[in-house]
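Take a look at the structure set out below.
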Amino acid sequence: MAKLKLRGKDLLKIGFEQGPAVGLAITQMQRHYKFNSKQHALTILKAMLADPEDYADDEVLGPVVEKLRDAEPVENPEIALRDTGIDYRVYGSEHIAANAREQMEVAMRLPVAEAGALMPDAHHGYGLPIGGVLATRNAIIPYGVGVDIGCRMCLTVYDLPVTKLAEDRSSFKKMLGDHTRFGRDAFDRPMSDPIFDRPEFREIPTVKGLRQKAIKQIGSSGSGNHFVEFGEVTLDDPEKGLPPGTYLGLLSHSGSRGLGANIARHYTQLAMEQTPLPKEAQHLAWLDLDSELGQEYWLAMNLAGDYASACHHHIHRRVAGALGMEPIVTIENHHNFAWKETAPDGNELIVHRKGATPAGKGVLGIIPGSMTAPAFLVRGKGIVDSIQSASHGAGRQMSRRKAIQSFTKKQLKQALKKHGVDLIGGGMDEAPFAYKDIHSVMDHQRDLVEVLGTFLPKVVRMDG
């Protein structure tokens, strides 16, 4: 088999800037992926460029991510961090890696930081750790929001007996195959949506250039840990008029696709130029909300969040049409976002929840586990110490590369069979073993949310 050959121009074509990261990326790929095809290697590198924080801990690509960080220009005088960080609450600290704690401690030394909290699913990210909650005064941090802006969960519940899943599993698998698209795949005929009439698509230059791609990707889901799945919904407490019982449900997890990723990269670069910080905090650069750029990002962020919601609604409408019935309830919540909220002292704060779920008093949310573990339907308790937040899932306990190296397809198939799950697509990087125990995570946030019910996945579709 021919060994992998990459050239600098190949990497420049997919979005690399000229610099040391190009040579290092070629070296790493040719050393560790030498028997892969050129197309496959470039696909991996494009995925890294699209979401670098997902590869920061990767043994092969982590050094490339670091080179990319170092290459980003800083021209203005550096802004000093506080000598001592603000105290913050940590939930489930024994399950949180040291590098995620270190990232949070850096964030709490920002001059604009007012409060923070770390959720039990927390792990190392890019800038703010995933599972990190950070409140600031009149400042918005693009990488405190994250790359996949407005990523969310959406659950629709149908008054159908769950026995249908066992009786005709092939029909449900076909529905997901026909009515969902992932990663680079898109529907042949893009669906119209009122969101494309929004003024932001006309008035913000960066967003205007992303409109056609957003139209093409509407109603689709991202790669990685994004999914659409049928499963069993069990309600333990009446909510939204539903009596306790077991129902058929459709659960989706995805975000704002290329629209959000490009907005995040663009405004992070501008923030880094305007508010240069020490190296360990560079990707926590902020924009003043009183500035034109700050207001522009705020509008773009909200547009991306609404676009993510529209994508979910298209998915659920298509599936509802295939089922031939309307859902009896829909529940939706999002993370990777920033909210304007009132602090206990009455002042307004900008609350960044990167991989964290809003858990204000009475607020409904969905906290997923993995492809073989339950998701939990929850109601927030509004706890101040957590900045009215909870985890957004189980959280990774190992990197994607480590998961691929640590487990076999046979082990994955055995786990799926044991839990009665059919998987369409997916990969070893998303195997359930790569995630923390969702039951342990939920145990660490009993004070933050109350559980109203569960969702057990049975037919799961992911990218691949």
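The values are calculated or read from the model by the stated rules, or taken from the named source; none is laboratory data. As the structure is a computational prediction, the values presented were derived from the model and not from experiment. No Cβ is skipped: glycine too gets one built from the backbone with ideal geometry, and neighbour counts run over all protein chains shown.
Evaluated against (1) within 30 Å of residue 209 (Cβ to Cβ); (2) surrounded by 18 or more Cβ atoms within 10 Å (Cβ to Cβ); (3) not hydrophobic (A, V, I, L, M, F, W, C), residue 120 falls short on exactly one condition, (1). Those helices (runs of 4 or more DSSP H) of the stretch 385-464 in which 2 or more residues are more than 29 Å from residue 178 (Cα to Cα), among the basic types (Lys, Arg) and in the same structural domain as residue 353 (by TED's automatic domain parsing) occupy 400-406. With respect to (1) within 23 Å of residue 267 (Cβ to Cβ); (2) at pLDDT below 90; (3) touching a Ser or Thr at 6+ places or on another chain (Cβ under 7 Å), the lone exception for residue 79 is condition (2). Summed over the stretch 56-69, residues that are within 18 Å of residue 262 (Cα to Cα) and at pLDDT 90 or above total 1. Report whether or not residue 344 is buried (at least 16 other Cβ atoms within 10 Å of the Cβ), part of a loop (DSSP other than H, G, I, E, B), assigned by TED's automatic domain parsing to the domain that holds residue 181 and not hydrophobic (A, V, I, L, M, F, W, C). Judged against the criteria, residue 344 is not a match. Within the stretch 193-204, residues that are closer than 19 Å to residue 312 by Cβ sit with their Cβ atoms under 6 Å from residues that are of a type in the set (Ser, Thr, Tyr), at 6+ positions apart or across chains, in these pairs: 195/307.
When 379, 353 are checked against the criterion of being more than 21 Å from residue 226 (Cα to Cα), at pLDDT 95 or above, in contact with a strand residue (DSSP E or B) (Cβ under 7 Å, 6 or more places away or on another chain) and among the basic types (Lys, Arg), 379 stands alone in meeting it. In the set 336, 302, only one residue is under 23 Å from the mean Cα position of the chain (by Cα) and on the phi > 0 side of the Ramachandran plot; that residue is 336. Inspect all residues belonging to the stretch 317-339 and state whether any of them is of a type in the set (Gly, Ala, Ser), surrounded by 16 or more Cβ atoms within 10 Å (Cβ to Cβ) and assigned to a helix (DSSP H, G or I). Yes - at least one qualifying residue is present in the stretch 317-339. Within the stretch 224-244, can you find the residues that are touching a strand residue (DSSP E or B) at 6+ places or on another chain (Cβ under 6 Å) and either surrounded by fewer than 23 Cβ atoms within 10 Å (Cβ to Cβ) or acidic (Asp, Glu) (or both)? Correct list: 226, 229, 232, 234, 235, 236, 237, 239, 240, 242, 244. Note down all Cβ pairs under 7 Å where the first residue falls in the stretch 157-181 and is surrounded by 14 or more Cβ atoms within 10 Å (Cβ to Cβ), the second is acidic (Asp, Glu), and they're at least six residues apart or on different chains. So the pair list comes out as 162/232; 169/422; 173/422.
In the stretch 392-410, the condition of being closer than 30 Å to residue 160 by Cα and among the small types (Gly, Ala, Ser) is met by at least one residue.
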